[in-house]
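Heads up, the thing below is written out as structure tokens.
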Amino acid sequence: MLQVTRTTLTSGALSLINVTPLSGAGGQNVTILGQGFSSTPASNMVKFNGTSATVVSATPSALMVTVPPAATTGLISVTVGGTTVQGPNFTVTLLLVSIAINPASPSIPIQEHQQFTATGTFSDNSTEDVSSSVTWNSSVPGVLQFGVGGQALGKFVRLAPVRPSEKLARDCWRPPAVARSTAPSERSPRPPRRRCAGAHRS
């Protein structure tokens, strides 16, 4: 048997009828429909689970408010002239704002491994290890081979001739410094060099 329940609103009394949408992230605008609101935005106090929100615009029957960045999931409340009414439950969704990679500027020898971690910062300023959720790759193609969860393997890409003054091991540990002399016969012996990911050789 179908039962229909009618709700009768007292004319002019503060009431909250609907909220659209019922979920969103901090900074998103939400529309609250009802009655008894003040046409002056600042005279309407709206809270998301106890956290005050900014009222962008207001009419006696509708409020547009911005979800506060620190809001958490919970009930919406509206207070006007000392009277408070509560509305439905609002679900706060978090947005990924940035990702920090550690180590930021690594040097990885050929055929050796380096564990990277990715830490995500979300719209509520919380952080979380997202290493297993992101896709890993190197800004220099072929230098690193990534496995699951940020495990990287140093790979040999190519050897390119460069001038002696430019012999830097890129994306790997630098070899020991070599002492120089103006006379070729007086040069100190060149130490053995280790092939590294992206290194150059003359």
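Any read-out appearing in this document is the output of simple, stated calculations on the displayed coordinates, not a laboratory observation. Not measured: the values here are computed from a predicted model. Don't worry about glycine lacking a Cβ; one is built from the backbone with ideal geometry, like all the others, and counts go over all protein chains shown.
Couple of notes before you dig in:
- Overall form of the range 1-144 per C-alpha gyration tensor (a/c, 1.5; a/b vs b/c): prolate
- Whole-number D in µm² s⁻¹ for the range 15-92, Kirkwood Cα-pair radius fed into Stokes-Einstein, 37 °C, 0.692 mPa s: 278
- Residue exposure sequence - 33, 96, 144 - by fewest surrounding Cβ within 10 Å: 96, 33, 144
- Dividing the mean sequence gap of close Cα pairs (under 8 Å, 6+ apart) by how many residues the range 96-154 holds gives a relative contact order of 36 percent.
- Binning the alpha carbon pair distances of the range 96-154 at 5 angstrom intervals from zero yields the distribution 4, 19, 28, 23, 13, 8, 4, 1, 0, expressed in whole percent.
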